[in-house]
Amino acid sequence: MMVGDSISDVGAARAASMPIALLRGGYTHVPVEELDADLVCDSLLDLPSAMQRLQAAA
């Protein structure tokens, strides 16, 4: 899983065929909801439950 906060993180994750979780408030002028991430989190503390949701969906 790639965790990032920018559009370049999405590109890197997709190139590696990895699911991606983006953090709101990152380094991009595009809202993270528009970047085709698998999950969007408000904070790093949300990651454990985000990872469980991704595993359940697989």
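Helical content of the chain, expressed as a calculated mean residue ellipticity at 222 nm, amounts to -10000 deg cm²/dmol (DSSP H runs of 4 or more residues, -39,500 (n - 2.57) each, divided by residue number, nearest 500). In the chain, a dipole from Cβ-located charges (positive for Lys and Arg, negative for Asp and Glu) runs towards its positive end, and of 11, 22, 56 it is 56 whose Cα lies farthest in that direction. Computed over the chain, the alpha-carbon pair-distance distribution with 5 angstrom bins reads 4, 23, 32, 25, 14, 2, 0, each value a whole percent. Net charge of the neighbourhood of residue 12, taken over other residues with C-beta under 15 Å away and scored Lys/Arg +1, Asp/Glu -1, is -3.
Quick note: the coordinates plus some simple rules give every number you see, no bench work behind them. None of the values given here were measured: they were computed from a predicted structure. So basically every Cβ, Gly included, is an ideal-geometry build from the backbone, and we count neighbours across all protein chains shown.
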